[in-house]
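Inspection log for the structure reproduced underneath, given as structure tokens.
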Amino acid sequence: MKRILVTGTKGFIGHNFLRKSSRENFRLFEFENNLEFWNANLYQSLFVNSVQNNNPDVVIHFGAIASTGQIREEEIYGFNRSEEHTSELQSRL
């Protein structure tokens, strides 16, 4: 049974993926950003802990900042462009 960690399950795509995949032969784990304010270091720490605790075979990233009062573009892009940090995360695991 594949172990899948899914981000962004409160959004439309992530929610529907989770609903559909739960009918398949997968073990699903949700990771959501429940922080009131964006903090990249804290998010990364929570995400790494979730990966270490759940030991997924695959991570599917649907999470994004879609609607925000945030006006600092680097904050928004820092979250939405997570592929830039993949190698750094891999080295920490």
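Structure above, values below:
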| quantity | calculated |
| --- | --- |
| Considering residues of the stretch 34-59 that are part of a loop (DSSP other than H, G, I, E, B) and either open to solvent by less than 50 Å² (accessible area, probe 1.4 Å) or among the aliphatic types (A, V, I, L, M) (or both) only, the residue farthest from Val6 (Cα to Cα) | Leu35 |
| The stretch 3-25 - residue that is at pLDDT 90 or above and assigned to a strand (DSSP E or B) and, of those, nearest to Val48 (Cα to Cα) | Leu5 |
| In the stretch 15-33, the residues that are farther than 14 Å from Leu5 by Cβ and open to solvent by 100 Å² or more (accessible area, probe 1.4 Å) | Arg19, Lys20, Arg23, Asn25 |
| Failed condition for Glu83, given (1) at pLDDT below 85; (2) part of a helix (DSSP H, G or I); (3) open to solvent by less than 40 Å² (accessible area, probe 1.4 Å) | (3) |
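The values are calculated or read from the model by the stated rules, or taken from the named source; none is laboratory data. Model, not experiment: these values are computed from the prediction. Here the Cβ is made from the backbone with ideal geometry for all residues, glycine too, and neighbour counts use every protein chain on show. The accessibility values were calculated without ligands, DNA or RNA, using every heavy atom of the protein model including side chains. Shrake-Rupley method; radii C 1.70, N 1.55, O 1.52, S 1.80 Å.
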